[in-house]
Amino acid sequence: MRGLMPKKSAKLASGVRRIKGGFSGQGKKIGLVVAEFNEFLTERLLEGALDALLRHGVAKKDIQVVYVPGAFEIPLALKKILAQKKFHAVITLAVVIKGKTKHFDQVVNETAKGVRELSQKSEVPVILGVIPALTEHQAIQRVGLKSANKGREWALSAIEMANLLPKLKGR
């Protein structure tokens, strides 16, 4: 569970300076890059992410969703979005199922590398919301059709990081 520290850790950390992001989305501009491949799954992730963003105070006018054909196209669209320099964080959403993609490992690895590199270069938090699943059933379990929706979790990470980075400037 997010934000909870075991009693022993809390006791040891007493008096230690802590810097955390927080979950207020007020005034934050958030971009989302969504893969259309496996759309019945990525749309569920998007619904979860949008719900979390709105519930935490991000205004609808401050959210932009960009669609790309598949996960592999995410880094190029992300590069263009980050060049706009108007977002506090960007969330990527994709589902890659091994049974449907012969080049599964390549797609997942290269997408993750591209996202990491762009986030580091831009210094804008980019949340890697790519579900690598061995089966469709595994993917369904992670998009909220049967249980938890990872899109919500990734939206909270985006808000938290958008709030954390300004606190780390000049440190």
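Of the residues examined, residue 8 is not one that is of a type in the set (Lys, Arg) and touching a residue at least 24 places away in the same chain (Cβ under 8 Å).
Here residue 84 meets each of (1) surrounded by 21 or more Cβ atoms within 10 Å (Cβ to Cβ); (2) within 19 Å of residue 30 (Cβ to Cβ); (3) not aliphatic (A, V, I, L, M) with one exception, condition (1).
When only residues in segment 27-72 that are part of a helix (DSSP H, G or I), free of Cβ contacts under 8 Å to residues at least 40 places away in the same chain and of a type in the set (A, V, I, L, M, F, W, C) count, which is farthest from residue 161 (Cα to Cα)?
Among them, the one singled out is 40.
When residue 69 is tested against (1) surrounded by 13 or more Cβ atoms within 10 Å (Cβ to Cβ); (2) closer than 18 Å to residue 35 by Cβ; (3) touching an Asp or Glu at 6+ places or on another chain (Cβ under 9 Å), just one condition goes unmet, and that condition is (1).
Can you find a residue that is in a loop (DSSP other than H, G, I, E, B), surrounded by fewer than 20 Cβ atoms within 10 Å (Cβ to Cβ) and in contact with a strand residue (DSSP E or B) (Cβ under 6 Å, 6 or more places away or on another chain) anywhere in segment 100-118? Within segment 100-118, not a single residue is in a loop (DSSP other than H, G, I, E, B), surrounded by fewer than 20 Cβ atoms within 10 Å (Cβ to Cβ) and in contact with a strand residue (DSSP E or B) (Cβ under 6 Å, 6 or more places away or on another chain). Just to be sure before I move on: is residue 93 within 13 Å of the chain's Cα centre (by Cα), within 24 Å of residue 21 (Cβ to Cβ) and in a helix (DSSP H, G or I) in the structure I sent? Here the answer is no, as residue 93 does not meet what is asked. Being part of a loop (DSSP other than H, G, I, E, B), among the hydrophobic types (A, V, I, L, M, F, W, C) and surrounded by 10 or more Cβ atoms within 10 Å (Cβ to Cβ) is the filter; apply it to segment 1-23 and report the residue that is modelled with the lowest pLDDT. Once the filter is applied, the top-ranked residue is 5. Annotation: residue 155 fulfils all but one of (1) surrounded by 20 or more Cβ atoms within 10 Å (Cβ to Cβ); (2) touching a Ser or Thr at 6+ places or on another chain (Cβ under 8 Å); the unmet one is (2).
Among the residues of segment 119-139, count how many are farther than 16 Å from residue 35 by Cα and not in a helix (DSSP H, G or I). Matching residues across segment 119-139 total 5.
Is it fair to say residue 126 is at pLDDT 95 or above, among the aliphatic types (A, V, I, L, M) and either touching a Leu at 6+ places or on another chain (Cβ under 9 Å) or surrounded by fewer than 18 Cβ atoms within 10 Å (Cβ to Cβ) (or both)? Taking the combined requirement at face value, the residue satisfies it. Flag: residue 75 does not match the condition of being over 16 Å from the mean Cα position of the chain (by Cα) and either at pLDDT 95 or above or surrounded by 15 or more Cβ atoms within 10 Å (Cβ to Cβ) (or both). Restricting segment 140-152 to residues that are within 16 Å of the chain's Cα centre (by Cα) and in a loop (DSSP other than H, G, I, E, B), the residue that is surrounded by the most Cβ atoms within 10 Å (Cβ to Cβ) is 144.
The values are calculated or read from the model by the stated rules, or taken from the named source; none is laboratory data. Note that the structure is a prediction, hence the values are computed from the model and not measured. All Cβ positions, even for glycine, are placed from backbone atoms using ideal geometry, and neighbour counts span all protein chains on display.
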